[in-house]
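Visitor: Please read through the structure below; I'll follow up with questions.
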Amino acid sequence: MRSAAVVLVFALSHAITAQTPTFFHNVRVFDGERALPARDVLVQDGKIARIGTGLTAPPNATVIDGAGKTLLPGLIDAHTHAWGDALTTALAFGVTTELEMFGDTSAARDRRAEQRTGRASSRADLLSAGTLVTVKGGHGTEYGSTIPTLTSPRDAQAFVDARIGEGSDYVKIVYDDGQTYGSTWPTLTPEMLHATVAAAHARGKLALVHIGALSGARTAIDAGADGLAHLFVDRAPEPDFGTFVASHHAFVVPTLTVLKSITGVGGAAPLADDPRFSAYLTRQEVLMMKQAFPRGPGMPAVDYAFAEAAVKQLRAAHVPILAGTDAGNPGTAHGAALHRELELLVNAGLTPTEALAAATSIPAKTFHLGDRGRIADGMRADLLLISGDPTSDITATRDIAGVWKQGVAFDRARLAASVTAEVVAQGQAPAGSESGLVSDFDDGTTTTRFGSGWSISNDAMAGGKSTAEMIVVEGGAEGSAKSLAVRGTISDAFKQAWAGAMFSPGRQVFQPANLGAKKEIRFWAKGDGKTYRVFVFAQSKGFTPLTQPFVADAAWKEYVFPLATFNGIDGHDIMAVIFGGGPSPGSFAFQIDHVSFR
Ligand SMILES: [Zn+2]
């Protein structure tokens with residue numbers, strides 16, 4: 001054990017000390033606050049070693065010609081939710097630090113451990129609020145995983161201390177009763193909000209408040225919030241809104257990108273097909289960027305112009321404005337969406353230089369990240385090189401010439417190659433799908449012949465409370481050995497309730513697969529006599545489920561649904577198939593067998 005540890009320490013220190021210096025020659029520098037013409041910048045051992053004019057490159061340095069280019073501090077996205085590969089995607093677009101506002105505490109713990117080694121050069125750094133502060137049934141509890149909730153102002157300190165114990169770098173509080181979305185969610189009382197902010201401050205932590213409406217924003221600022229995690233689109237700000245926030249010395253992360261999505265248009269959608277971006281975006285990410293939050297006819301009116309009006313007031317009142325996207329939500333993508341946020345901030349009245357500061361020096365200063373957000377001697381060499389001059393045209397940030405994390409160049413070409421390989425793989429039928437059989441369950445497992453297997457799907461992600469379980473049982477269709485039993489309870493918490501067993505034909509859950517050679521879905525079923533549904537998701541139809549009903553009686557029966565009956569799809573982009581109960585509430589039980597595409 002000891003010798004292995006010694007070798008590891010040697011390898012680590014070797015990797016750090018052996019970094020080849022990088023010399024940017026004659027490059028325009030945006031230093032986090034202002035533009036400096038024609039500088040030389042030397043990067044050594046992960047840091048900015050020197051910045052000046054007429055410098056000489058060390059003999060072993062990689063020299064980069066900066067003519068016509070601009071060097072920026074790596075961007076900081078001040079509002080994200082970093083699941084899966086998010087931090088790698090973010091880095092590809094020059095976002096070198098993400099400030100997560102609710103996420104998986106154990107994933108954040110792993111990221112912090114990696115960051116402490118100084119070797120997290122293949123993904124953006126993560127700081128995280130960990131689990132947010134909300135109440136039972138409140139916003140933040142609808143995503144399927146059970147989280148602790150606050151019950152009384154008296155518990156606020158213990159609650160906040162528990163989050164800090166889990167590693168939270170700051171405290172994120174939800175103060176939103178859902179009115180903007182035509183819903184009624186329970187939320188903190190003003191007393192709980194005050195107590196939670198005070199509890200964060202007692203431990204020296206920043207308290208950020210998610211709000212969904214203007215009234216909530218004012219209450220949060222009155223409660224002593226350090227910052228707002230969103231602006232609002234429900235009402236025009238009163239004329240004193242900017243000076244009110246300024247007088248409380250609070251900062252604001254407007255998240256204009258996601259506010260666009262809330263008003264019904266994918267916030268980052270205009271960038272999804274930009275050739276400068278699309279080579280680095282998976283089809284899933286492109287699809288996500290084009291999504292918006294659904295706005296039904298019964299929902300209250302909202303107007304994006306209200307958020308722009310608030311930004312104008314905040315700027316005039318010198319309130320610190322931080323660029324944040326709420327990446328992880330419809331109409332966003334990690335990294336890419338921050339370039340849209342910069343553009344939206346400029347559209348709302350910031351100068352390009354102010355917008356760039358909102359994504360570099362201002363969040364670094366606000367979150368006490370003294371080692372980044374600026375290009376100056378001794379700062380981390382988290383860098384973004386742009387072809388062109390974003391300090392005069394903000395959309396120039398899309399012309400990325402290079403990204404460095406702690407002095408290590410990010411391999412954008414490799415990411416582009418893996419994205420291309422994925423697109424090609426999606427164009428071919430999945431390996432193992434030749435016969436079309438998905439599962440006959442006869443080996444006693446939920447193994448599938450192709451794709452990424454069976455999993456449970458329910459309406460928790462949409463705010464519902466329906467549950468399901470699946471188990472391989474004795475006795476199958478046509479006298480076969482086994483079949484899959486699916487049972488559960490449909491709750492009345494959500495109108496479009498569902499729960500059931502889901503099969504994803506792609507290499508990952510919900511990754512589209514090409515089953516264009518198949519014409520129909522076939523399966524056998526029996527059950528308690530209730531009506532069930534086959535839900536099909538095709539990428540070309542977004543995340544809208546395409547459904548067909550079937551009645552599962554006591555005797556086994558075969559069901560055949562031509563793919564075209566699912567809103568005319570041709571099978572080339574199937575993301576998932578669900579066999580499920582709902583929407584009528586109550587318990588359900590059915591069995592399926594011999595599931596296949598033919
Ligand atoms: Zn968020």
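Visitor: Name, by its number, the condition in (1) buried (at least 24 other Cβ atoms within 10 Å of the Cβ); (2) hydroxyl-bearing (S, T, Y); (3) over 22 Å from the mean Cα position of the chain (by Cα) that does not hold for T255.
Guide: Of (1) buried (at least 24 other Cβ atoms within 10 Å of the Cβ); (2) hydroxyl-bearing (S, T, Y); (3) over 22 Å from the mean Cα position of the chain (by Cα), only one is false for T255: (3).
Visitor: Within segment 338-349, count every residue that is open to solvent by less than 10 Å² (accessible area, probe 1.4 Å) and either within 12 Å of the ligand (Cβ to nearest atom) or in a loop (DSSP other than H, G, I, E, B) (or both).
Guide: Within segment 338-349, residues that are open to solvent by less than 10 Å² (accessible area, probe 1.4 Å) and either within 12 Å of the ligand (Cβ to nearest atom) or in a loop (DSSP other than H, G, I, E, B) (or both) number 1.
Visitor: Still on this model: Residues that are in a helix (DSSP H, G or I), within 14 Å of the ligand (Cβ to nearest atom) and buried (at least 16 other Cβ atoms within 10 Å of the Cβ): does segment 148-162 have at least one? Steps first, answer last, please.
Guide: Of the residues in segment 148-162, the ones in a helix (DSSP H, G or I) are 153-162.
Then drop every residue that is not within 14 Å of the ligand (Cβ to nearest atom), which leaves none.
No, that holds for no residue.
Visitor: Hey, could you check segment 84-95 for residues that are outside any helix (DSSP H, G or I) and farther than 26 Å from V209 by Cβ and say which is nearest to the ligand (Cβ to nearest atom)? Can you show your working first?
Guide: The initial filter retains those residues of segment 84-95 that are outside any helix (DSSP H, G or I), namely 84-85, 93-95.
With farther than 26 Å from V209 by Cβ added as a condition, the list becomes 84-85, 93-94.
On the way: G84: 16, D85: 18, F93: 18, G94: 21 Å.
Looking at the filtered set, the residue picked out is G84.
Visitor: Select, from A485, A525, A517, A513, the only residue that is under 25 Å from the mean Cα position of the chain (by Cα) and hydrophobic (A, V, I, L, M, F, W, C). I'd like the intermediate steps shown before the answer.
Guide: On the way: A485 fails: under 25 Å from the mean Cα position of the chain (by Cα); A525 fails: under 25 Å from the mean Cα position of the chain (by Cα); A517 fails: under 25 Å from the mean Cα position of the chain (by Cα).
The match here is A513.
Visitor: Let me ask something additional. Kindly indicate the residue of segment 33-65 that is within 21 Å of S121 (Cβ to Cβ) and in contact with a helix residue (DSSP H, G or I) (Cβ under 9 Å, 6 or more places away or on another chain) and also surrounded by the most Cβ atoms within 10 Å (Cβ to Cβ) among those meeting that condition.
Guide: Let us first name the residues in segment 33-65 that are within 21 Å of S121 (Cβ to Cβ), namely 41-49, 58, 60-64.
Of the ones still in play, those that are also in contact with a helix residue (DSSP H, G or I) (Cβ under 9 Å, 6 or more places away or on another chain) are 45-46.
Details: D45: 14, G46: 19.
Here the residue is G46.
Visitor: Now for a separate question. Run down D125, D110 and say which single residue is out of contact with any Lys or Arg (no Cβ under 7 Å at 6 or more places or on another chain) and surrounded by 14 or more Cβ atoms within 10 Å (Cβ to Cβ).
Guide: Values: D110 fails: surrounded by 14 or more Cβ atoms within 10 Å (Cβ to Cβ).
Of the residues listed, the single one that is out of contact with any Lys or Arg (no Cβ under 7 Å at 6 or more places or on another chain) and surrounded by 14 or more Cβ atoms within 10 Å (Cβ to Cβ) is D125.
Visitor: Can you tell me which residues in segment 547-597 are surrounded by 13 or more Cβ atoms within 10 Å (Cβ to Cβ), in a loop (DSSP other than H, G, I, E, B) and either of a type outside the set (A, V, I, L, M) or touching a Pro at 6+ places or on another chain (Cβ under 6 Å) (or both)?
Guide: Within segment 547-597, D553, W556, F566, N567, D570, G571, H572, D573, G582, P583, P585 meet the criteria.
Visitor: Considering segment 76-104 alone, what residues qualify as being open to solvent by 30 Å² or more (accessible area, probe 1.4 Å) and either within 18 Å of E142 (Cα to Cα) or among the acidic types (D, E) (or both)? Spell out how you get there, then give the answer.
Guide: To start, the set of residues in segment 76-104 that are open to solvent by 30 Å² or more (accessible area, probe 1.4 Å) comprises 83-85, 88, 104.
Hits for segment 76-104 are W83, D85, D104.
Visitor: For I211, indicate whether it is at pLDDT below 95, within 16 Å of the ligand (Cβ to nearest atom) and buried (at least 16 other Cβ atoms within 10 Å of the Cβ).
Guide: On the way: at pLDDT below 95: no; within 16 Å of the ligand (Cβ to nearest atom): yes; buried (at least 16 other Cβ atoms within 10 Å of the Cβ): yes.
No; evaluated as a whole, the condition is false for this residue.
Visitor: Another question, then. Return the residues of segment 49-83 that are more than 16 Å from the ligand (Cβ to nearest atom) and under 30 Å from R283 (Cβ atoms); say none if nothing qualifies. Steps first, please.
Guide: Step one: filter segment 49-83 for residues more than 16 Å from the ligand (Cβ to nearest atom), giving 49-75.
Within segment 49-83, L72, G74, L75 meet the criteria.
Visitor: Suppose we keep only residues that are open to solvent by 30 Å² or more (accessible area, probe 1.4 Å) and assigned to a loop (DSSP other than H, G, I, E, B) within segment 378-409. Which one would you say is nearest to A120 (Cα to Cα)?
Guide: Going residue by residue through segment 378-409, those that are open to solvent by 30 Å² or more (accessible area, probe 1.4 Å) are 378, 387, 389, 392-393, 395, 399, 401, 406, 408-409.
Narrowing the set further to residues that are assigned to a loop (DSSP other than H, G, I, E, B) leaves 378, 389, 392-393, 399, 406.
Working: G378: 19, D389: 29, S392: 32, D393: 31, D399: 24, Q406: 9 Å.
Going through the qualifying residues, I end up with Q406.
Visitor: Which residues, taken from segment 287-313, are part of a helix (DSSP H, G or I) and either open to solvent by 30 Å² or more (accessible area, probe 1.4 Å) or touching a Pro at 6+ places or on another chain (Cβ under 8 Å) (or both)?
Guide: Residues of segment 287-313 that are part of a helix (DSSP H, G or I), as a first pass: 287-289, 304-313.
Listed by number, the residues that qualify are M288, A305, F306, A307, E308, A309, A310, V311, K312, Q313.
The values are calculated or read from the model by the stated rules, or taken from the named source; none is laboratory data. Computed from a predicted structure; not experimentally measured. Note that each Cβ is placed from the backbone with ideal geometry, even for glycine, and that neighbours are counted across all protein chains shown. For accessibility, only protein heavy atoms count, side chains too; no ligands or nucleic acids. Shrake-Rupley method; radii C 1.70, N 1.55, O 1.52, S 1.80 Å.
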